[in-house]
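One structure is given below, encoded as structure tokens.
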């Protein structure tokens, strides 16, 4: 007569005691599931780290002087630029510099809805960045004008920089800063096309006074 042993009761979690094949299979399945969850968690942490550190970087669309650069939400075209030693901002005010005022004439339009451009930056060949000068009121720049869908608007931006910043320089256009951090915000980077000789010539023969006074 064969004795029949009673089955042990199931433990919490559905795993039975003993060394049965089904128990070992369940254990393997549980371990595999835990492994997948740990791997997913690791990927999630890596993605979180990228979100914190990298997704704030802009999407940069590049072009050259005179080219219509499409940044998906807006288009920018750098039409021309010149150098000056002084900017006349009103009939009673002229700002001067011991460096160079770089005056950038640009045009822009939006794609789906109105936008303002932010003040651009000048990116030098060695990676330095110059903000647009605050010695000329922003209301006198293209940043004060609404970009409308499919309607080009034109205006100027002003930089005050040393002549050494001009060779290889690029102008970077984007949207104004926002309280909400938006990942992958578009920007347009346009090469001025200034080699060493062209930059020296530009800085050596600036206009005495560049006037923005409306006549």
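Here residue 156 meets the list (1) at pLDDT 95 or above; (2) in a loop (DSSP other than H, G, I, E, B) almost entirely, failing just condition (2).
Can residue 183 be described as modelled with pLDDT under 95 and either over 17 Å from residue 104 (Cβ atoms) or buried (at least 16 other Cβ atoms within 10 Å of the Cβ) (or both)? When the stated conditions are applied, residue 183 passes them. With respect to being part of a loop (DSSP other than H, G, I, E, B), modelled with pLDDT of 95 or more and within 23 Å of the chain's Cα centre (by Cα), residue 167 fits the description.
Answer yes or no: is there a residue in the stretch 143-153 that is surrounded by 14 or more Cβ atoms within 10 Å (Cβ to Cβ) and assigned to a helix (DSSP H, G or I). Checking the stretch 143-153: at least one residue is surrounded by 14 or more Cβ atoms within 10 Å (Cβ to Cβ) and assigned to a helix (DSSP H, G or I). Residue 209 meets each of the listed conditions (1) surrounded by fewer than 20 Cβ atoms within 10 Å (Cβ to Cβ); (2) closer than 14 Å to residue 79 by Cα apart from (2). Flag: residue 136 matches the condition of being in contact with a strand residue (DSSP E or B) (Cβ under 6 Å, 6 or more places away or on another chain) and part of a loop (DSSP other than H, G, I, E, B). Filtered by the rule that a residue be touching a helix residue (DSSP H, G or I) at 6+ places or on another chain (Cβ under 8 Å) and either buried (at least 19 other Cβ atoms within 10 Å of the Cβ) or without any contact (Cβ under 8 Å) to a residue 12 or more places away in the chain (or both), the stretch 106-131 gives 106, 108, 117, 119, 122.
Annotation note: of 188, 171, 136, the sole residue that is in contact (Cβ under 8 Å) with a residue 12 or more places away in the chain and farther than 22 Å from residue 64 by Cβ is 136.
The values are calculated or read from the model by the stated rules, or taken from the named source; none is laboratory data. It should be emphasised that the depicted structure is a prediction, and the values quoted were computed from it without experimental measurement. For neighbour counting, all protein chains shown are included, and Cβ atoms are generated from backbone atoms with ideal geometry for every residue, glycine included.
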